[in-house]
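Notes for the one structure printed next.
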Amino acid sequence: MRILVFGRVGQLGTALVELLGPLHETVFLDQPEIDLSKPDSVFAHVHEHAPDLVVNAAAYTAVDKAETEPDLADAINARAPGAMALACAGAKIPLVHYSTDYVFDGSASAPYRESAPVSPQSVYGRGKLAGEQAVAQATDQHVILRTAWLYSHVGHNFLKTMLRLAADGKPVRVVGDQIGSPTYAWDLAQASVAVVEALAQGRDDVYGIFHATNAGVTSWHGFAERIFDLAGYDDVELVAISTDEYPTPAPRPAYSVLCCERLQEAFGVTLPEWPDALARCIARL
């Protein structure tokens with residue numbers, strides 16, 4: 001199968017290079033080869049590479065910065081995926097796209113199913129939802145994987161930030177009233193491989209939106225606590241604070257837990273428990 005992947009150097013793109021790349025004839029594109037702030041450029045790339053499948057692992061992920069760069073965030077997170085979907089529809093090939101828990105308002109008290117009402121509260125969330133809608137409107141042959149709290153041993157993320165703060169030897173204040181499921185980019189990539197294999201087999205019963213996070217639930221404070229424990233920082237003064245004590249330009253969902261049963265039912269995939277994933281990630285640092 002010939003696969004065109006938009007996004008190579010980010011957390012997910014790097015994982016896909018390692019896990020998906022050896023399995024198929026795969027072309028990875030990233031800056032400077034592509035500029036998703038100019039969505040119309042997508043059509044030329046799809047035409048040039050003539051893939052059997054397109055995967056969009058690229059995104060504008062600076063959640064707070066998006067509040068002051070709404071046009072750029074919208075171009076990359078909404079209009080570019082829409083262009084990819086139109087190009088895929090024209091070529092009669094599937095598209096795999098990634099979205100986020102930020103499409104929800106975070107007011108739930110039970111894990112969000114794919115059919116739950118959406119109500120994004122930030123520029124980033126609204127852009128990602130618009131991307132979902134543009135993809136679904138352009139082609140029925142789409143798989144959208146919503147994930148949350150993504151981290152990796154590469155790139156900039158919460159894990160790397162916590163390890164840097166721990167090394168500074170100062171007290172670390174972390175929000176304790178936001179709940180979610182930390183998700184290791186390599187496990188999300190492994191789930192993506194299962195999706196690709198299903199599509200390669202010609203299955204047409206696996207299109208739609210699916211939730212994909214590591215199993216289990218914690219807070220950002222609990223996540224930090226486990227990071228320090230696994231990394232051997234037993235002398236860090238870790239302080240739990242409230243969201244109100246750590247204001248950000250973009251509001252964060254208070255509850256980001258996603259129900260992933262549909263992913264298991266369709267693809268036979270259940271991502272491992274988040275502490276197991278974190279241990280494997282830290283072992284690679």
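A few comments on the model shown:
- Selection count where residues are assigned to a helix (DSSP H, G or I) and either closer than 26 Å to Arg203 by Cβ or in contact with a strand residue (DSSP E or B) (Cβ under 9 Å, 6 or more places away or on another chain) (or both), scope segment 103-142: 13
- Of all residues in segment 16-45, those being closer than 18 Å to Leu95 by Cβ and in a helix (DSSP H, G or I) number 8.
- Taken together, His156, His221 contain a single residue that is over 20 Å from Arg262 (Cα atoms), modelled with pLDDT under 95 and not hydroxyl-bearing (Ser, Thr, Tyr), which is His156.
- Pro253 closer than 30 Å to Glu69 by Cα, surrounded by 13 or more Cβ atoms within 10 Å (Cβ to Cβ), touching a helix residue (DSSP H, G or I) at 6+ places or on another chain (Cβ under 8 Å) and not polar (S, T, N, Q): yes
- Where a residue in segment 92-113 is closer than 19 Å to Thr183 by Cα and its partner, wherever it lies, is assigned to a loop (DSSP other than H, G, I, E, B) and among the aromatic types (Phe, Trp, Tyr), with Cβ under 7 Å and at least six apart: Tyr112/Phe104
- Evaluation of Pro120 against the conditions (1) buried (at least 21 other Cβ atoms within 10 Å of the Cβ); (2) in contact (Cβ under 8 Å) with a residue 24 or more places away in the chain; (3) closer than 19 Å to His211 by Cα shows that the sole unmet condition is (2).
- Looking only at segment 46-88, and only at residues there that are among the β-branched types (Val, Ile, Thr) and assigned to a loop (DSSP other than H, G, I, E, B), the one that is farthest from Ile34 (Cα to Cα): Thr68
- Residue check, Gly180 under 27 Å from Ser119 (Cα atoms), within 17 Å of the chain's Cα centre (by Cα) and surrounded by fewer than 17 Cβ atoms within 10 Å (Cβ to Cβ): no
- Flag for Ala138 being surrounded by 16 or more Cβ atoms within 10 Å (Cβ to Cβ) and either among the small types (Gly, Ala, Ser) or within 25 Å of Pro275 (Cβ to Cβ) (or both): yes
- Enumerated helices (runs of 4 or more DSSP H) restricted to segment 178-285, each holding at least 1 residues that are more than 28 Å from Gly131 (Cα to Cα): 220-231, 274-283
- Residues of segment 90-102 satisfying the condition of being small (Gly, Ala, Ser) and assigned to a strand (DSSP E or B): Ser99
For every residue, the table says whether it meets (1) modelled with pLDDT under 95; (2) at negative phi; (3) not hydrophobic (A, V, I, L, M, F, W, C).
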{"position": "Glu33", "(1), (2), (3)": "yes, yes, yes"}
{"position": "His47", "(1), (2), (3)": "no, yes, yes"}
{"position": "Cys88", "(1), (2), (3)": "no, yes, no"}
{"position": "Ser122", "(1), (2), (3)": "no, yes, yes"}
{"position": "His142", "(1), (2), (3)": "no, yes, yes"}
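- Selection within segment 84-93 - surrounded by fewer than 24 Cβ atoms within 10 Å (Cβ to Cβ) and either closer than 17 Å to Val143 by Cβ or under 20 Å from the mean Cα position of the chain (by Cα) (or both): Leu86, Ala87, Ala89, Ala91, Lys92, Ile93
- Members of segment 1-31 that are at pLDDT below 95 and either touching a Pro at 6+ places or on another chain (Cβ under 8 Å) or loosely packed, with under 13 Cβ neighbours inside 10 Å (or both): Gln31
The values are calculated or read from the model by the stated rules, or taken from the named source; none is laboratory data. Please read all numbers here as calculations on a predicted model, not as lab measurements. All Cβ positions, glycine included, derive from the backbone under ideal geometry; neighbour counts span all protein chains shown.
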